[in-house]
Amino acid sequence: MANFLAFLMLVSFWVSFISGQNPGLEAPYRIHTLFSVECQSYFDWQTVGFMHSFKKAQQPGPVTRLLSCTEEEKKNYKGMDLAPTLEVPSMSRHPKTGDWYPAINKPAGIVHWLKHSKDAQSTDWVVILDADMILRGPIIPWELGAEKGHPVAAYYGYLIGCDNILAKMHTKHPELCDKVGGLLAMHIDDLRVLAPLWLSKTEEVREDRAHWGTNITGDIYGTGWISEMYGYSFGAAEAGLRHKINDNLMIYPGYTPQPGVEPILLHYGLPFSVGNWSFSKLEHHEDGIVYECGRLFPEPPYPREIKLMEPDPNKRRALFLNIECINTMNEGLLLQHARNGCPKPKWSKYLSFLKSKTFAKLTQPKLLTPPRMQTEVAKEVKEIDEPIKPYPKIHTLFSTECTTYFDWQTVGLMHSFHLSGQPGNITRLLSCTDEDLKQYKGHDLAPTHYVPSMSRHPLTGDWYPAINKPAAVVHWLNHVNVDAEYIVILDADMILRGPITPWEFKAARGRPVSTPYEYLIGCDNELAKLHTRHPEACDKVGGVIIMHIDDLREFALLWLLKTEEVRADKAHYATNITGDIYESGWISEMYGYSFGAAELKLRHLISNEILIYPGYVPEPDVKYRVFHYGLEFKVGNWSFDKAKWREADMVNKCWATFPDPPDPSTLEQTDENELQRDLLSIECARTLNEALRLHHKRRNCPDPTALSNPALDTTKDIANSRKVGRFSKTDDIESNPVPRNHSQESSKPKVTDGLFSTLRFWIILLWVFSGLGFILVMLAMCSGYTSKGSSKGKSNKSRRRSYTGFLKTSARDRQGHKSDASL
């Protein structure tokens, strides 16, 4: 009997081995994975990538593609064999309202699966993913902590409607609304209750057009496109489900993972890049790459190139994730082409890499579960044996106004935020008047909280835009349910180079962290004695602030009130009292911060290793986390001063960037301090320009390498970048209102244009015709002189012909000049 049992176990092992399932991952419960698509080539290549990664990751259990198609679409659809599929009636065009909203197919498809699939009757746990995802390892619900009544999900912090009127209108339990999405792992019984609510709440939010505004939904387009996400959160709240939110499982390629965290899901919903290579799924919307033999997505850099490209180990990990995502999709396409009967592709270095042991090792399943992730964090970051407490949540804030000046700064900060690995979410506090808001174009530049402008003080009439910073923080605290323990406050004119965390810089309750502002001499004289009861507690700090949320709640209103107080004290604006070289009270807000903190006896830990101004000489071996480009800085003959770009619309003019700084290879190597200073300055400027280039690319600006058509005007607003019109020099000048004499280089935003080469061609052609005409005239005149002995009539006839030819040539010449002028 014992031998027989041993034999059965051996057979079981080999069956699981042959089927491709890891015996060590054998599930005690039945798991089913779902993802939703439509009958489009766009979803077909995503399906190929998803299915290939599903098999590589050794995800337990079956998978079903919920395919939403109309009968007309199915007639020409070629991708039925790309995945195990359940056909679902399309609800892209709502059968009752006629509303066009394809995203509703996701909850509608799940409802259909629960009603019509036999698999739904033999499943314990369901994992719901999106098609634009790559699995790196198995997603096993109970190992992630999922329980009945407590699904596991990824955090979607931009769903601000959970905290405001939207939740109160659409669920009886707004306090249960969780800001989640992306990855969902839940018990089948929970899904049966949730699915119809998910669908009905999606319809409900979609119809609530009065509350589609960005300030209510967080939807940067304000079009109700994320109604399905709210449908899920509100439906789950109605069903009484509370989520276990895991922020470490899923990452967007392009983002930097937290140290020690190994994400097991890549969600390529946003553009990402490695050096000069980039990928955006939206550029492949009509791409039939699945059915075109031998075609793959452009190959990214190789791992060894990345090692040379990025010295920082955590940023290097992010770049490795980027290339793993695209390489996995290309490997899936290769295999799909073979299944389609395509001929074997020709050998190439890239194909050899995809088939190599190196690539197989890099993409082997990641089997890390959350407890083991914590253990790795402990080893890498803490290097201690005791149990590790989870790090506190962080939220980053920065304050701006409704101007293009702050818009390009926002683009730079947001780009650097995503690259830096800064934990948590970020919010832009946007202070605008109602009139400004009507004309404003930059709603989609960052997750935004809208704040009434106090630039013109409502009581005193004083014009002081800097007061918007404390006023906005007060407004945010009073209108948002903050779930973070620590708040990091930055300025818009900053570039993040790395994470700023309370645990690294030792921030604590009652002990904020900041950077030194030594010029705030008012902390040492009568100014502090006039404006705080505790002048001895006045710290000369600013720029970057890390503060516990409870401290900020107590402090924020004092910051605002002290700012008003110092601003009103015009008798003490003098430089010898405030340190303000303009004696205009412009730094009243900075004193408002220091005096407000002194009132509460909040003493700061002051760090010199967080912030540096480009142009300043860095301390040796210090890895600064922030560039603050508030002052002019130079590298040789090149310079940058943000104040000179106050009126420049760098965001809405296609391909507008700042003058490129010098190449680092051209720098003098003799003085190490000056070299390091200049390298940091170049890094800051390059990051700003890279942010602008990626922004223009996301806005679908025309390809700058294909602008030889003189009818294409790339200086129009990005919103109109697809329109074609006539080129006008006047338009070009007016649409680039950039200050002159910025540096010895041209300060005009660089707008790539093919017109110059076309104009030069016509001028050269005109010169050639003019020259030929001149030669013909001279030949005609010479022939007249040589025929002097001829008869007078014949001579006159010859001269008349020469004169007539000259007139015709001159007429052509004038016509050519008119033609040139019309250009």
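Quick notes on this one:
- Radius, Kirkwood style, for the stretch 544-679 when every pair of distinct Cα atoms is counted (Å): 18.4 Å
- Cα-Cα over 26 Å, subset of Lys115/Lys148; Lys78/Lys349; Lys148/Lys179; Lys355/Lys697; Lys393/Lys623; Lys106/Lys438: Lys78/Lys349; Lys355/Lys697; Lys106/Lys438
- For the stretch 53-147, the per residue solvent-accessible surface stands at 42 Å², with DNA, RNA and ligands left out and a 1.4 Å probe.
- In terms of accessible area, using a 1.4 Å probe and ignoring ligands and nucleic acids, Asp44, Asp462 rank largest first as Asp462, Asp44.
- Three-way shape call for the stretch 242-291 based on the alpha-carbon gyration tensor, with the a/c threshold at 1.5: oblate
- Filtered trypsin sites (Lys or Arg not before Pro), the stretch 118-148: DSSP coil and at most 14 other beta carbons within 10 Å: Lys148
- Accessible surface of the stretch 157-262, 1.4 Å probe, proportion on carbon and sulfur as whole %: 55 percent
- Solvent-accessible surface (1.4 angstrom probe) belonging to Lys168, in square angstrom, nearest 10: 150 Å²
- Spatial extent of the stretch 616-672: Rg and Dmax, with the Cα atoms as the point set, Å: 14.4, 41
- Fraction of accessible area attributable to carbon and sulfur, the stretch 48-110 (%, probe 1.4 Å): 54 percent
- For the stretch 564-618, carbon and sulfur atoms together expose 55% of the accessible surface, with a 1.4 angstrom probe and every protein chain in place.
- Entry comment: accessible area of the stretch 178-217 is 33 Å² per residue, from protein heavy atoms only and a probe of 1.4 Å.
- Gyration tensor analysis over the Cα atoms of the stretch 188-265 returns equivalent ellipsoid semi-axes of 27, 20, 9 Å (largest first, whole Å).
- Quotient of Cα Rg and 2.2 N^0.38 Å for the stretch 401-469, N being how many residues it contains: 1.22
The values are calculated or read from the model by the stated rules, or taken from the named source; none is laboratory data. The structure presented is a predicted model; accordingly, all values stated were derived computationally and were not measured. As a convention, Cβ positions derive from the backbone with ideal geometry for all residues, glycine included, and neighbour counts pool all protein chains shown. To get the accessible areas, we keep the full protein, side chains included, count just its heavy atoms, and leave off ligands, DNA and RNA. Shrake-Rupley method; radii C 1.70, N 1.55, O 1.52, S 1.80 Å.
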